[in-house]
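K.L.:
Pasting a structure below so you can have a look.
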Amino acid sequence: MDLHHLRLVAEICERGSIGKAAQALGISQPTLSKTLARLEDQLGQILFQRGRGGSATPTIFATHISARAREILRWSDQLAREVELLAGGEVGRVRMGIGPGAKALLMPELVTKILNRFPNLHLDVDVLASDELYDRLISRQLDLVVGHFSPLLDFPDMRVLPLVDEPGSSIVRAGHPLTEIKNITWQDSLNFPHVSTVRYKTYAPYFSEGLPAGAEQILTTVRTSDMECAHRLVSEMDFVALASQLVFRSDLQSGRFVTLPLPRRYHSACSVAVTDEAAHFPVVRGIIDLVRQGLEKAGLELLS
């Protein structure tokens, strides 16, 4: 039994029809029927009960094969993709995730530069919040991510390259009532709703001095990776943004937004994280170089 047979059985199980499976596999129904008959002869077992209209009901043997086949096929496809990328990035597909702050600094110029350097590369790009980037990288749904991550996070079998140190801040519009308070305290800011552009399961570990009681609920009034939504909440509705300063960099530079001088700030760094296997791909190393160049062009001082 080879990979072709595994794919065939899995496809028929999923489609419930030999005809539909043949169409999905790009072969004729008679060809698929003959291949299936030969496989059943080889195994000495009936894999599918044939019905009217080409329907196929899997037996216990086909169900068992299909369950095992999906994982084997997934790793086979992954291995083929890795070989393509190891060839130098001339072909293949890279799955990249990017956080809202990094997106504001790097996109869409980064995509253009990547495709200029690797013209035959296919690129999947997802803009996601930090927690989603982390989860998808850990589950190997992404090859590399660029975003803000706390040093407290554990990246098993990963390589994490901190690029820019950027402590998070409480950010409000110019003229916000909180800006009129002298010697402002953290408790003062908690009198206003917050929008967070980072979505952690809990926020307490990310504050160097801990959090006051009840603060977590207020900090998570709204959590979003939609920067337009966050921007409007801050500029129009007196929300306090809990965010990296990179997210609202242009507004802070223009004076439209200001940071509150609060003693507690969450700590994170704009980093690139890649799986151990992807770290060996020349194309991935090239993308990391382009990310570094983009951050430098934005006027940011890179960590050594």
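The values are calculated or read from the model by the stated rules, or taken from the named source; none is laboratory data. Note that this is a predicted model, so its numbers are computed, not measured. All Cβ positions, glycine included, derive from the backbone under ideal geometry; neighbour counts span all protein chains shown. Side chains included, ligands, DNA and RNA excluded: accessible areas come from the protein's heavy atoms. Shrake-Rupley method; radii C 1.70, N 1.55, O 1.52, S 1.80 Å.
K.L.:
If you take every DSSP beta bridge fully contained in the chain, what fraction is antiparallel? Give it as a percent rounded to 5.
P.N.:
Antiparallel bridges make up about 65 percent of those DSSP assigns within the chain.
K.L.:
Another question, then. I'd like the projected area of region 98-163, averaged over all directions, using the convex hull of its alpha carbons. Report it in nm² with one decimal.
P.N.:
4.8
K.L.:
With every protein chain kept in place and ligands, DNA and RNA left out, what is the accessible area per residue of region 225-303? Probe 1.4 Å, answer in Å².
P.N.:
Value for region 225-303: 43 Å² per residue.
K.L.:
Sum up the charges of everything whose Cβ sits under 14 Å from the Cβ of Gly16, counting Lys and Arg as +1 and Asp and Glu as -1, but leave Gly16 out.
P.N.:
Once all neighbours under 14 Å are counted, the net charge is +2.
K.L.:
I'd like to compare 284-293, 58-67, 36-45, 9-18: which one has the highest average count of other Cβ atoms within 10 Å, and what's the full order after that?
P.N.:
9-18, 284-293, 58-67, 36-45
K.L.:
For n ≥ 4 DSSP H runs only, could you compute -39500 (n - 2.57) per run for the chain, divide by its residues and tell me the 222 nm figure to the nearest 500?
P.N.:
About -13000 deg cm²/dmol.
K.L.:
Of (1) 84, 42, 31; (2) 65, 44, 35; (3) 57, 44, 42, which is the value of Cα extents along the principal axes in Å derived from the coordinates here?
P.N.:
Computing Cα extents along the principal axes in Å and matching it to (1) 84, 42, 31; (2) 65, 44, 35; (3) 57, 44, 42 gives (1).
K.L.:
Something else now. Taking region 273-304, which GluC sites (Glu not before Pro) meet the DSSP loop condition and have no more than 15 other C-beta atoms within 10 Å?
P.N.:
Here the sparse-neighbourhood loop sites are Glu301.
K.L.:
Continuing with this model, one more query. May I ask for the net charge around Leu142, where only other residues with Cβ less than 10 Å from the Cβ of Leu142 are counted and Lys, Arg are +1 while Asp, Glu are -1?
P.N.:
It works out to a net charge of -2.
K.L.:
I'd like the per residue volume of the convex hull spanned by the Cα atoms of region 1-64, given in cubic angstrom.
P.N.:
Hull volume normalised by residue count: 73 Å³.
K.L.:
Another question about this same structure. Gaussian network model of the chain, Cα springs within a sub-10 Å range: biggest mean-square fluctuation belongs to which of Ala22, Ala241, Ala129?
P.N.:
Ala22
K.L.:
Follow-up question, since we're still on this one. Can you tell me the accessible area per residue over region 1-128, all protein chains present, probe 1.4 angstrom, in square angstrom?
P.N.:
56
K.L.:
Helix by helix through the chain, keep the DSSP H runs that span 20 Å or more along the axis on Cα and average at least -0.5 on Kyte-Doolittle, and give those back in order.
P.N.:
Helix filter hits for the chain: 60-86, 282-297.
K.L.:
For the chain, set up a GNM with springs between Cα atoms under 10 Å and report which of Arg68, Arg136, Arg173 has the largest fluctuation.
P.N.:
Ranking Arg68, Arg136, Arg173 by mean-square fluctuation puts Arg68 first.
K.L.:
Quantify, in whole percent, the carbon and sulfur part of the accessible surface of the chain (1.4 Å probe; protein heavy atoms only).
P.N.:
51
K.L.:
Tell me, what ³J(HN,Hα) does each residue in region 171-186 have, in order and in whole Hz, if you take phi through Karplus 6.51 cos²θ - 1.76 cosθ + 1.60 with θ = phi - 60° and put x for Gly and Pro?
P.N.:
Those phi angles translate into 10, 9, 6, 4, x, 4, x, 5, 6, 8, 8, 7, 6, 4, 10, 4 Hz.
K.L.:
Quick check for the chain: number of Lys pairs with alpha-carbon distance under 21 Å, counting only pairs 8 or more apart or on different chains?
P.N.:
4
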